[in-house]
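The structure appears below as structure tokens.
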Amino acid sequence: MSKHPHYIYPDTDSLAGAVICELQNFVGEAAETERPLYLALSGGSTPLAIFRKIRAAGLSVERPNICFCWGDERCVPPDDPDSNYGNASELMLEPLRIPRSQIFRIRGEDEPEQEADRYGQLLLDRLPQEQGIPVFDWIWLGIGQDGHTASLFPGQTDLWNASGPCVVAQHPQSGQLRISITGNVINAAKRVTFLITGRDKAGIVKEIIFQEGRFREYPAASVNPVSGRLEWYMDREAASQL
């Protein structure tokens, strides 16, 4: 069984509330240091619920040294409904008036390979490094029903293990191109939090946490920070097979 702590909440709203408490602690940490703190946001339905709850609560995250990045992005314009940045901006960043100087988005509308190179270099230039790998203070991740995380899918081991910070990936069913941070960047982070809701995720969660079935094929099962911590935040439905 996975050694990493997992926290189970009655529903998505309760989970979102717990994450907000952790985000408040993160804001407090930012207030006690002068260096920038880098948070990589995730796409998917669970973060959207968190963004809405943050906006509704009027939580202040406007610390000048908190920088918002993304772990992955679909190769679409920011006004596209599929844009991870666009959704976060509409639901949280704009309502909370986060300055653009603290937002570092992946430009999904640009040529994918060039943008992966640009964003990777941005991370190298701005984030602290460990053995040449950018180190995030906190990364939010989801898990797909197929075991993917960020935009790293099963059967794409070369992308997970890529030496650079960012790669271009392709959704195996839709063919949609995406830009994603790599496994090396994920596992270099100081803190990684899986945010998982819904009964449709229960099977994959069980396989990964209990290390059974085909778990080795799932990129999400390779998340294991080298010197940071990994934690699982799940609602009761996602954890129903544990």
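The values are calculated or read from the model by the stated rules, or taken from the named source; none is laboratory data. Everything quoted here is computed from the prediction, not taken from an experiment. So basically every Cβ, Gly included, is an ideal-geometry build from the backbone, and we count neighbours across all protein chains shown.
Some values worked out for this structure:
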| item | result |
| --- | --- |
| Test for Ser101: is it without any contact (Cβ under 8 Å) to a residue 40 or more places away in the chain, hydroxyl-bearing (Ser, Thr, Tyr), buried (at least 19 other Cβ atoms within 10 Å of the Cβ) and more than 23 Å from Val223 (Cβ to Cβ) | no |
| Of residues in the range 31-48 being among the hydroxyl-bearing types (Ser, Thr, Tyr) and outside any strand (DSSP E or B), the one surrounded by the most Cβ atoms within 10 Å (Cβ to Cβ) | Thr46 |
| Filter result (farther than 11 Å from Asp13 by Cα and not hydrophobic (A, V, I, L, M, F, W, C)) within the range 48-71 | Arg55, Gly58, Ser60, Glu62, Arg63, Pro64, Asn65, Gly71 |
| Some residue of the range 94-105 being at pLDDT 95 or above, under 16 Å from the mean Cα position of the chain (by Cα) and more than 24 Å from Ser163 (Cβ to Cβ) | yes |
| Gly28, sole failed condition from (1) of a type outside the set (Asp, Glu); (2) surrounded by 14 or more Cβ atoms within 10 Å (Cβ to Cβ); (3) assigned to a helix (DSSP H, G or I) | (2) |
| Filter result for Arg178 (charged (D, E, K, R), over 19 Å from Tyr9 (Cα atoms) and not in a helix (DSSP H, G or I)) | yes |
| Residue count, the range 105-154 (criterion: without any contact (Cβ under 8 Å) to a residue 24 or more places away in the chain and of a type in the set (Asp, Glu)) | 3 |
| Tally of residues being of a type in the set (A, V, I, L, M, F, W, C) and within 16 Å of the chain's Cα centre (by Cα) across the range 1-55 | 14 |
| Hits in the range 228-242 (condition: in contact (Cβ under 8 Å) with a residue 40 or more places away in the chain, not charged (D, E, K, R) and not in a strand (DSSP E or B)) | Gly228, Ala238, Ala239, Ser240, Leu242 |
